[in-house]
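Single-structure report; data block below.
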Amino acid sequence: MLRRVIYAALERKLNRAYKDRLAALGPAPKGVFWRNQSTQIARFDALLNLVATVTPVANPTLGDVGCGYGAMLDFIQKTPRYQNFQYFGIDINRAMINSCKQQFPDQKHLFLVGKHPPSPVDFCVFSGTFNLCHTTDISLWHDYIFANLQQCWQRSRYGLALNLLCGPKAEIKNHIFYAERQKFIATASQLFGPTHARSTPHVAGDVTFLIAKP
Ligand SMILES: C[S@@+](CC[C@H](N)C(=O)[O-])C[C@H]1O[C@@H](n2cnc3c(N)ncnc32)[C@H](O)[C@@H]1O
């Protein structure tokens, strides 16, 4: 119960930060705190490539949790290798979802406010969803991430793919969370199952994880 109240307070601060950023910089990589479009796209490509490699179904459904202003859908639509993916975007932030609906007026139904898909998908993916955090308590943030992954795990048929910035030790610097790669793998393996990690190509310090259901 207390945890839930603490998590809600964290989310309020995050929502404010993302809403202000979007209002200031608009639906663009910098509007969701990315440095540039090339690292944003490189992250999408690493996640989607993993899903394409392991999916046992031809047209996997995808829940993009923390979809921001919908840039992943734009990338999927432009990339032949991923055009068979059936996309849904979910974000905790209403301003982000409103922006998605403006970017994709004919596909408004693909976007909704939330923290997990409302009904099962084949895979949930998360790009940058847990990078920005408004706490200095590393273990609280670690627990928050896993609580969110758990909700999505229950709604994913085949698994989860996510990226995190990683460093030699877990830390929070300037509101950015850096995970310890091996510790993340150990916890995810214990809670969910075999977890694979690979340094995200072309993005220094970023790691792409795949947690697949057996
Ligand atoms: C760094 S932005 C990345 C947006 C998008 N994935 C991209 O790469 O363009 C992180 C997004 O995750 C959302 N977010 C943060 N925590 C979340 C959660 N627990 N559930 C759903 N969305 C969340 C934020 O509102 C924000 O839009």
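Bear in mind that the values in this text are calculations on the coordinates, not laboratory data. Since this is a predicted model, take the numbers as computed values, not measurements. Every residue, glycine among them, receives a Cβ derived from its backbone with ideal geometry; neighbour counts consider all protein chains shown.
Structure values in brief
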item	result
Cβ crowding within 10 Å averaged over residues, with 196-206, 54-64 ranked highest first	54-64, 196-206
Theoretical gain in end-to-end length, D137 to Q151 [0.36 nm per residue, Cα-Cα removed]	2.9 nm
Value of Rg to Rh for region 90-148 (Rh from inverse mean 1/r over Cα pairs, i.e. Kirkwood)	1.03
Candidate lysines - alpha carbon under 18 Å from K115, same-chain residues fewer than 8 apart omitted	K13, K19, K101
Rel. contact order, % - alpha carbon contacts under 8 angstrom, at least six apart, the chain	19
Region 28-56 residues near the modelled K108 label - backbone nitrogen below 14 Å, point 7 Å along Cα→Cβ	none
Of the DSSP H helices in the chain, those whose Cα atoms cover at least 24 Å axially and whose Kyte score averages -1.0 or more	2-25, 37-54
For T200, net neighbour charge (Lys/Arg +1, Asp/Glu -1) across residues whose Cβ lies under 11 Å away	0
Region 2-77 shape via C-alpha gyration tensor axes, a/c threshold 1.5	oblate
The chain - charge dipole about Cα centre, Lys and Arg +1 at Cβ, Asp and Glu -1, debye rounded to 20	280
Hydrodynamic radius (Kirkwood) for region 114-167, which is based on Cα pairs only, to one decimal in Å	11.9
Full-extension gain in nm, K213 to D74, via 0.36 nm per residue minus C-alpha separation	47.3 nm
Gyration tensor (alpha-carbon) shape descriptor, region 162-214, a/c threshold 1.5	oblate
Packing rank of 179-187, 12-20, where each peptide gets the mean count of other beta carbons within 10 Å, highest leading	179-187, 12-20
Overall form of region 59-214 per C-alpha gyration tensor (a/c, 1.5; a/b vs b/c)	prolate
Listed residues Q40, V57, I6: farthest to the positive end of the dipole of region 1-93 (Cβ charges)	I6
Relative packing of peptides 23-32, 153-162 - highest average C-beta neighbours within 10 Å first	153-162, 23-32
